[in-house]
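Encoded as structure tokens, the structure appears first; notes follow it.
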Amino acid sequence: MSDFYTMGIETSCDDSCVAILKNDRELLVNLISSQIDIHTLFGGVVPEIASRKHLEAINPLIDKALNETNLSYDDIDLISVTKGPGLMGSLLVGISAAKALSLATNTPMIGANHMRGHICANYLVNKDLKPPFVSLVVSGGHTYLVKVKGYTDYEIVGKTRDDAAGESFDKVARKMGLGYPGGPKIDKIAKKGNKEAVVFPRVMLEKDSYDFSFSGLKTAVINYMHQLEQKDEELNKADIAASFEEAVVDVLVEKSMRLIGETGYNKLAVSGGVAANSRLKERLEVACKEKDIKFYYPSLELCTDNAAMIAMTGYLDYKSGQRSNKFMKVYPNLEL
Ligand code: KG4
Ligand code: ZN
């Protein structure tokens with residue numbers, strides 16, 4: 001049987017990404033053109049700038065991906081593009097590029113769900129991972145606890161009722177003046193801090209609930225900083241970062257392990273930008289070991305937004321018989 005090549009295109013937020021996947025899980029190239037430098041100037045992503053930057057970046061990235069793999073347009077068997085969730089103007093750039101390419105080269109195209117993509121990033125790194133498993137999906141805009149029952153069969157069991165986990169990292173970091181995106185900055189300085197310095201709330205919601213709520217925690221951290229400022233007391237940013245991070249991680253670990261217990265599944269895969277967090281991985285690793293659960297996580301570059309995960313998801317959807325066509329829309333609020 002001849003090889004099957006999937007091109008992934010991802011432009012849902014502030015990174016323009018193109019990747020090529022060979023057959024099932026072999027990643028040939030994974031390109032990211034980051035816009036962080038420009039958005040940092042504004043303290044967060046400016047949608048209008050993001051879509052204009054995608055427009056400049058996307059075609060050269062597609063050419064580069066083909067050049068680096070010595071493939072031509074004719075070799076590509078499937079184009080998988082993020083259809084949502086994400087910023088409307090950003091998504092439109094990727095989808096328009098994919099549609100044009102698909103029509104011009106007569107190649108099938110499929111619209112991929114970005115959040116499912118984060119979960120599928122795990123398959124690229126962990127070749128032995130097969131459903132069923134529990135996935136904790138923690139990104140800048142979403143927080144989900146999911147039963148992954150099959151390669152295209154997902155059941156959302158819990159999600160955030162207000163801020164996403166990554167969003168709380170970004171907002172707390174912003175208040176601390178650490179810059180955007182805040183997650184990696186907090187991760188770094190928290191290592192030097194005392195996680196027991198301040199006791200911030202762990203919001204567990206109703207006893208049986210798998211939902212999350214991080215906005216109260218964010219407010220508690222910001223209020224605490226205000227109080228210190230008013231009293232003119234010195235802020236120990238490392239201690240605050242470590243105490244905040246521990247509060248987020250406590251909730252994520254507790255709920256993930258409870259779902260593992262309830263489902264009886266013996267695998268947990270974390271994914272999304274916050275899966276890059278070193279303390280979260282450390283704690284999940286220990287909790288899984290105690291219960292004899294196999295713990296999976298993507299490599300750092302596959303935790304945050306990338307097109308490899310979009311190629312992987314699209315490939316699985318296509319193999320299960322799903323198809324998209326030139327009338328495909330964008331879905332800025334798509335659920336997992
Ligand atoms: O998945 P992602 O790249 O984009 C979205 O789909 O949202 O996630 C970005 C989020 C940001 O909120 C960022 O601060 C967070 O992931 N993040 C981290 C770390 N690296 C990225 N949060 C905590 N610790 C990290 N090391
Ligand atoms: Zn993402």
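The values are calculated or read from the model by the stated rules, or taken from the named source; none is laboratory data. In this text the structure is predicted, and so the values were computed from the model without any measurement. No Cβ is skipped: glycine too gets one built from the backbone with ideal geometry, and neighbour counts run over all protein chains shown.
Does Thr107 satisfy being buried (at least 18 other Cβ atoms within 10 Å of the Cβ), of a type in the set (S, T, N, Q) and more than 30 Å from Leu145 (Cα to Cα)?
Criteria met by Thr107.
Would it be correct to say that Ser256 is touching a Phe, Trp or Tyr at 6+ places or on another chain (Cβ under 7 Å), in contact (Cβ under 8 Å) with a residue 24 or more places away in the chain and in a helix (DSSP H, G or I)?
It is false that Ser256 is touching a Phe, Trp or Tyr at 6+ places or on another chain (Cβ under 7 Å), in contact (Cβ under 8 Å) with a residue 24 or more places away in the chain and in a helix (DSSP H, G or I).
Could you check region 294-319 and list, in sequence order, the residues that are within 16 Å of ligand 1 (Cβ to nearest atom) and not in a helix (DSSP H, G or I)?
Within region 294-319, Tyr297, Pro298, Ser299, Thr304, Asp305, Asn306, Ala307 qualify.
Given the residues Val221, Val157, which is the only one that is of a type in the set (A, V, I, L, M, F, W, C) and closer than 30 Å to Ser320 by Cβ?
Details: Val221 fails: closer than 30 Å to Ser320 by Cβ.
Exactly one of Val221, Val157 is of a type in the set (A, V, I, L, M, F, W, C) and closer than 30 Å to Ser320 by Cβ, namely Val157.
Yes/no per residue for (1) assigned to a loop (DSSP other than H, G, I, E, B); (2) touching a residue at least 12 places away in the same chain (Cβ under 8 Å); (3) under 25 Å from Ser102 (Cα atoms):
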| position | (1), (2), (3) |
| --- | --- |
| Ser2 | yes, no, yes |
| Ile9 | no, yes, yes |
| Cys17 | no, yes, yes |
| Leu28 | no, yes, yes |
| His39 | no, yes, no |
| Ser51 | no, yes, yes |
| Ile58 | no, yes, yes |
| Leu61 | no, yes, yes |
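Within region 33-54, is there a residue that is more than 16 Å from ligand 2 (Cβ to nearest atom), more than 30 Å from Leu178 (Cα to Cα) and not aromatic (Phe, Trp, Tyr)?
no
Confirm whether Lys237 is surrounded by fewer than 20 Cβ atoms within 10 Å (Cβ to Cβ), assigned by TED's automatic domain parsing to the domain that holds Leu178 and either of a type in the set (Val, Ile, Thr) or touching a Gly at 6+ places or on another chain (Cβ under 8 Å) (or both). Break it down into steps so the answer makes sense when it comes.
Details: surrounded by fewer than 20 Cβ atoms within 10 Å (Cβ to Cβ): yes; assigned by TED's automatic domain parsing to the domain that holds Leu178: yes; either of a type in the set (Val, Ile, Thr) or touching a Gly at 6+ places or on another chain (Cβ under 8 Å) (or both): yes.
Against the criterion (surrounded by fewer than 20 Cβ atoms within 10 Å (Cβ to Cβ), assigned by TED's automatic domain parsing to the domain that holds Leu178 and either of a type in the set (Val, Ile, Thr) or touching a Gly at 6+ places or on another chain (Cβ under 8 Å) (or both)), Lys237 qualifies.
Any idea which residue in region 81-124 is nearest to ligand 2 (Cβ to nearest atom), counting only those that are out of contact with any helix residue (DSSP H, G or I) (no Cβ under 6 Å at 6 or more places or on another chain) and of a type in the set (Val, Ile, Thr)?
Once the filter is applied, the top-ranked residue is Ile119.
Is there any pair with a first residue in region 84-98 that is outside the structural domain of Ser139 (by TED's automatic domain parsing) and over 17 Å from Arg116 (Cα atoms) and a second that is among the charged types (D, E, K, R) and at pLDDT 95 or above whose Cβ atoms are under 8 Å apart and which are 6 or more apart or on different chains, and what are they?
Gly94/Glu10; Ile95/Lys83
For Lys281, all conditions in the list (1) outside the structural domain of Ile58 (by TED's automatic domain parsing); (2) buried (at least 23 other Cβ atoms within 10 Å of the Cβ) hold save one; what is the number of the exception?
(2)
Are any residues in region 110-145 more than 15 Å from ligand 1 (Cβ to nearest atom), over 20 Å from Asn277 (Cβ atoms) and not aliphatic (A, V, I, L, M), and if so, which ones?
Matches in region 110-145: Gly111, Tyr123, Lys127, Asp128, Lys130, Pro131, Pro132.
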